[in-house]
Amino acid sequence: MDNTSAGAPGFRWLLFIGILITFLSVIGRLLLRRRVRAAKLRKWWTCTGDNFHEYQSLKVPELNDDLQENHLHRRVSLYLNSLDSTEDSDFINLFSSTKPNDIALSLDPNQTVEDTFLSARLSWTYEVSAGAGGCEIRAFVLRIRKRDKRRILRPYLQHINSSVEEMELRRKELRLYSNIAAESPDGSGGGGGGRGRGRWRSVPFTHPATMDAIAMDGELKNKIKSDLEAFLKSKQYYHRLGRVWRRSYLLYGPSGTGKSSFVAAMAKFLSYDVYDFDLSQVSGDSDLKMLLLQTTNRSVILIEDFDRYVSDQSPATVTMSGMLNFMDGVANSCSDERIMVFTMTAKENVDPALLRPGRIDVHIRFPLCDFNSFKSLASSYLGLKDHKLFSQVEEIFQSGATLSPAEIGELMMVNRNSPSRALRSVIVALQTNGSDSRGLGRRMVESTAASSPDEFADSDTVGCHDGVKEFRKLILLMQPVTLFVGKAKQSKAAKVGPFQSKAMMNDDDG
């Protein structure tokens, strides 16, 4: 009797612990599956609520009555395959995309996915049925509440079209177009192996430059990116103002400051093709207009070294009037969503009529390298955020010495295996007065590359005696050439270019 009474409390404790463990395990399973159970609960609630609403079904067949492709079906397919609800569904088909790193999603036959738009819930079902002759009939069926149809159907279809256009724009292969001479023997203007569009020949545009990789002041870069993003969203705004949906940029600065790379980064940022106008291949005003009319929407219209062309002493094939019409004439209004970019070394000798607002909207100066640009280059080329030689480099920049980003980047690239040696070679180039050693970057790179790594690593001073001596010899050899070029520029500036106005001619004569 005593043993039985003594064992009863122990049994109760064991029973209590067993019940507690069972309860906790059930709670744990519920917590682990809360998302699944919540989804099932929402689905049950939705199905219950559907019984109290009237629905209408709209079918989007793959083929139209003429057995031709229904483009809306293709767009709906691309749109649905991009939805989060499709990716989160219980079953989905995976396919390789045109790009090696992309995976395409696809619905299974008779699978349903849901979407929301303007607080309305919609569902799409991919129906596949057998038709005459054993062929499959494919269609997407949209199920929508009747009370929501009038309010959202048209905006929803417009939303699908715009979303797909944006996706296709991001996925498309960018191309670089170059114009060819009109008087080619075969009548097509030659062309090499690229694809053609009239007088244009194209190749894939695979330039690696991106906005993030461009060495530029961060605040200025963000302003340009914001300006481009605002342009992309301003179609209705431009049309409401009665203006062509176009924006033009002037990139000016010395050679080697990254203007061409920035154009490539802009094109990739916008996912626009590039039309590179070679004005030397243009036979006249009408020819320039025809080339412009053969360009497409969503493209960058590029004219490089514009200042050299307008100040050229050879007879001009394109008149001042023709160039002004090219920039903002009626022919330029035949296409939408285009960016026009002009690059030049300096804009002082260019007729202001070519640069006024409306023809050039944004002016962006690309200066020679300063210390902030140098740090950006060191981070990109050498992976350096800081270094003991940075203070010495900053002092040299503050003294007025400078080089172009291309020259500094080349020195860093050749010496990328030894960041210290790369910085020392840059300092030597700056100390020999970068403004006088323009064009000697290649020679300096070769001289630095030929030196042994230990020769720089063991030295506490920057550079070496032989390197400085070599540069002094090079500068002495280049002095007559520099003077000759300076005189040539002076005599050239005294003449009147083909695009200079009469007012400018009078100023020069005076």
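For region 356-376, state whether one or more residues are of a type in the set (F, W, Y) and in contact with a Lys or Arg (Cβ under 6 Å, 6 or more places away or on another chain). The answer is yes, given that some residue of region 356-376 is of a type in the set (F, W, Y) and in contact with a Lys or Arg (Cβ under 6 Å, 6 or more places away or on another chain). Has region 392-405 got any residue that is at pLDDT 90 or above, assigned to a loop (DSSP other than H, G, I, E, B) and open to solvent by 20 Å² or more (accessible area, probe 1.4 Å)? No; the residues of region 392-405 include none that is at pLDDT 90 or above, assigned to a loop (DSSP other than H, G, I, E, B) and open to solvent by 20 Å² or more (accessible area, probe 1.4 Å). Going by the structure shown, is S376 crowded, with 17+ Cβ neighbours inside 10 Å, more than 25 Å from Y275 (Cα to Cα), at pLDDT below 90 and in contact with a Gly (Cβ under 6 Å, 6 or more places away or on another chain)? In short, no. Quick check, is E394 touching a residue at least 60 places away in the same chain (Cβ under 8 Å), closer than 18 Å to L368 by Cβ and touching a helix residue (DSSP H, G or I) at 6+ places or on another chain (Cβ under 6 Å)? No: the conditions fail for E394.
Pairing residues of region 265-293 that are more than 17 Å from S321 (Cα to Cα) with residues that are outside any helix (DSSP H, G or I) and open to solvent by 60 Å² or more (accessible area, probe 1.4 Å), at Cβ distances under 7 Å and at least 6 apart in sequence or on separate chains, gives S271/K172; Y272/R298. Filtering region 63-75 for residues that are under 42 Å from the mean Cα position of the chain (by Cα), closer than 15 Å to R143 by Cβ, at pLDDT 80 or above and not in a helix (DSSP H, G or I) leaves an empty set.
Counted as qualifying within region 273-349 are the helices (runs of 4 or more DSSP H) with 2 or more residues that are open to solvent by less than 10 Å² (accessible area, probe 1.4 Å) and closer than 26 Å to Y238 by Cβ, namely 285-293, 320-328.
Scanning region 159-185 for residues that are closer than 21 Å to E229 by Cβ and assigned to a helix (DSSP H, G or I) yields a count of 12.
Selection of first residues in region 366-390 that are among the hydroxyl-bearing types (S, T, Y) and of second residues that are crowded, with 19+ Cβ neighbours inside 10 Å, restricted to Cβ pairs under 7 Å at least 6 apart or on distinct chains, gives the following pairs, ordered by first then second residue: S373/A215; S373/P405; S376/A215; S380/A215; Y381/G409; Y381/M412.
Condition (residue is in a loop (DSSP other than H, G, I, E, B), loosely packed, with under 14 Cβ neighbours inside 10 Å, modelled with pLDDT of 85 or more and not β-branched (V, I, T)) applied to region 197-210: is it met by at least one residue? Scanning region 197-210, I find at least one residue that is in a loop (DSSP other than H, G, I, E, B), loosely packed, with under 14 Cβ neighbours inside 10 Å, modelled with pLDDT of 85 or more and not β-branched (V, I, T), so the answer is yes.
Looking only at region 201-226, residues that are touching a residue at least 12 places away in the same chain (Cβ under 8 Å), closer than 18 Å to V263 by Cβ and more than 13 Å from the chain's Cα centre (by Cα) come to 7 in all.
Selection within region 350-364: residues that are in contact with a Leu (Cβ under 8 Å, 6 or more places away or on another chain) and part of a loop (DSSP other than H, G, I, E, B). The member of this set that is least open to solvent (accessible area, probe 1.4 Å) is I360. Tallying residues that are over 23 Å from F366 (Cα atoms), in contact with a Phe, Trp or Tyr (Cβ under 6 Å, 6 or more places away or on another chain) and either part of a helix (DSSP H, G or I) or at pLDDT below 90 (or both) within region 230-272 yields 2.
The values are calculated or read from the model by the stated rules, or taken from the named source; none is laboratory data. A quick note: this is a predicted structure, and the numbers were derived from the prediction, not measured. Please note: Cβ atoms are built from the backbone with ideal geometry, for glycine as well, and neighbour counts cover all protein chains shown. In case anyone asks, the SASA skips ligands and DNA or RNA and just uses the protein heavy atoms, side chains included. Shrake-Rupley method; radii C 1.70, N 1.55, O 1.52, S 1.80 Å.
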